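The values are calculated or read from the model by the stated rules, or taken from the named source; none is laboratory data. Predicted model, so just to flag it, every value in this text is computed and none were measured. Backbone-built Cβ (ideal geometry, glycine too); neighbour counts: all protein chains shown.
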Amino acid sequence: MIANCRRAAALVVALLAAGGPAAQSVDSEAARTFEALGLRAGLRVADVGAGNGEWAERIGREVGETGHIYATEVEGDKLQSVQTRLKEAGLKNVTTILGTQEDTGLPPGCCDAILLRMVYHHFTDPPRMRASLRNALRRGARLVVIDTEPQKNWRHLEGVPERGGHGINEEALVREMTADGFEVVARHDDWTGDGDRYCVVFRRAEGPAVGTLRIRSHARDRRGEWRRLRRIAAACKENGTGSRAACSPPRCS
Ligand SMILES: C[S@@+](CC[C@H](N)C(=O)[O-])C[C@H]1O[C@@H](n2cnc3c(N)ncnc32)[C@H](O)[C@@H]1O
């Protein structure tokens, strides 16, 4: 009994020394998040929707002076406090960017990894943001999305797609991302934090994004159309009609 009490007291002392259970849970989330991002010194990483800059600061320290952290926000005052925070933390490997709901503002191919922590469900134009995120990733680079299943009791977000609450269903997220040039690397259904959180690790797929495929197929259609018209013109020349109007496809092809 006394031994148990001593062990419990020692545990409490250890937790307090480590900053308490809340600090421990943030630290364990950080370890899992860094692993999901494949974080190491020298990497170029973006924290899109950086909020108060806590995660940008953590990532900036991890990637070190040889790496780089991009922190983006759509709200100017939040971006200002991120800038102040990162400056006070003494980080020099930093670029802060004021993005929009259509564009992250990140340079093309800038990133080895991107973190979206509790941000995806805030997008009011998810298709454009997906295209912009994909464009910012190098080939095969990772995008880590931490989000929550829709929460009916959380505040309503203006302008976002209707999803039955504040958040996004994991399956719906995977469907949207994989339709737009991302593939799933790993899924964690038991993520730390309020709501009903999960983490999905995506990778920029090697093939072109669906949007690009569509453009290419249009180009192919146009090339096919040109070939067809050339065949008609050649047939008309042979027929000696000489008039394009007289050479409509049913007669000449
Ligand atoms: C719930 S907060 C999460 C903040 C931070 N990622 C964290 O985990 O503490 C969501 C943030 O995303 C930002 N946001 C919303 N839409 C965005 C977009 N399209 N691009 C960048 N940031 C966005 C909001 O301004 C807000 O600061």
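Given (1) assigned to a loop (DSSP other than H, G, I, E, B); (2) away from the ligand (no atom under 13 Å from the Cβ), where does residue 140 come up short, assuming only one miss?
Among (1) assigned to a loop (DSSP other than H, G, I, E, B); (2) away from the ligand (no atom under 13 Å from the Cβ), residue 140 violates only (1).
Based on what the data block shows, is residue 78 surrounded by fewer than 21 Cβ atoms within 10 Å (Cβ to Cβ) and within 9 Å of the ligand (Cβ to nearest atom)? Break it down into steps so the answer makes sense when it comes.
Numbers: surrounded by fewer than 21 Cβ atoms within 10 Å (Cβ to Cβ): yes; within 9 Å of the ligand (Cβ to nearest atom): yes.
Yes.
Go through 47, 77 for me and flag whichever is of a type in the set (D, E, K, R) and in a strand (DSSP E or B).
47
Run down 124, 96 and say which single residue is within 14 Å of the ligand (Cβ to nearest atom), part of a strand (DSSP E or B) and among the hydroxyl-bearing types (Ser, Thr, Tyr).
Values: 124 fails: part of a strand (DSSP E or B).
Answer to the check: 96.
Residue check: is residue 91 more than 10 Å from the ligand (Cβ to nearest atom) and crowded, with 19+ Cβ neighbours inside 10 Å? Step through it out loud before you land on a result.
Working: more than 10 Å from the ligand (Cβ to nearest atom): yes; crowded, with 19+ Cβ neighbours inside 10 Å: yes.
For residue 91, the condition - more than 10 Å from the ligand (Cβ to nearest atom) and crowded, with 19+ Cβ neighbours inside 10 Å - is met.
Say whether the condition of being crowded, with 19+ Cβ neighbours inside 10 Å, β-branched (Val, Ile, Thr), part of a loop (DSSP other than H, G, I, E, B) and in contact (Cβ under 8 Å) with a residue 40 or more places away in the chain is met by at least one residue in segment 145-156.
Among the residues of segment 145-156, not one is crowded, with 19+ Cβ neighbours inside 10 Å, β-branched (Val, Ile, Thr), part of a loop (DSSP other than H, G, I, E, B) and in contact (Cβ under 8 Å) with a residue 40 or more places away in the chain, which makes the answer no.
Take the conditions more than 9 Å from the ligand (Cβ to nearest atom), among the hydrophobic types (A, V, I, L, M, F, W, C), assigned by TED's automatic domain parsing to the domain that holds residue 34 and not in a helix (DSSP H, G or I) and apply them to residue 71. Does it pass? Step through it out loud before you land on a result.
On the way: more than 9 Å from the ligand (Cβ to nearest atom): yes; among the hydrophobic types (A, V, I, L, M, F, W, C): yes; assigned by TED's automatic domain parsing to the domain that holds residue 34: yes; not in a helix (DSSP H, G or I): yes.
When the stated conditions are applied, residue 71 passes them.
Filter segment 33-62 down to the residues that are more than 22 Å from residue 135 (Cβ to Cβ) and β-branched (Val, Ile, Thr) and list them by number.
The answer is 33, and nothing else.
Would you mind stating whether residue 108 is assigned to a loop (DSSP other than H, G, I, E, B) and not hydroxyl-bearing (Ser, Thr, Tyr)?
Values: assigned to a loop (DSSP other than H, G, I, E, B): yes; not hydroxyl-bearing (Ser, Thr, Tyr): yes.
When the stated conditions are applied, residue 108 passes them.
Among the residues of segment 33-61, count how many are away from the ligand (no atom under 11 Å from the Cβ), surrounded by 17 or more Cβ atoms within 10 Å (Cβ to Cβ), of a type outside the set (A, V, I, L, M, F, W, C) and more than 24 Å from residue 77 (Cβ to Cβ).
Adding up the residues that qualify gives 1.
Give just the number: which of (1) surrounded by 12 or more Cβ atoms within 10 Å (Cβ to Cβ); (2) at pLDDT 95 or above does residue 27 not satisfy?
(2)
Would you mind finding the one in 181, 164 that is surrounded by fewer than 21 Cβ atoms within 10 Å (Cβ to Cβ) and on the phi > 0 side of the Ramachandran plot? First the steps, then the outcome.
Values: 181 fails: surrounded by fewer than 21 Cβ atoms within 10 Å (Cβ to Cβ).
Residue meeting the stated conditions: 164.
Would you point out which residue out of 168, 114 is part of a loop (DSSP other than H, G, I, E, B), within 15 Å of the ligand (Cβ to nearest atom) and closer than 25 Å to residue 29 by Cα?
Numbers: 114 fails: part of a loop (DSSP other than H, G, I, E, B).
Just a single option satisfies the conditions, and that option is 168.
What do you reckon, is residue 140 surrounded by fewer than 18 Cβ atoms within 10 Å (Cβ to Cβ) and under 17 Å from residue 182 (Cβ atoms)? Spell out the reasoning first.
Working: surrounded by fewer than 18 Cβ atoms within 10 Å (Cβ to Cβ): yes; under 17 Å from residue 182 (Cβ atoms): yes.
Taking the combined requirement at face value, the residue satisfies it.
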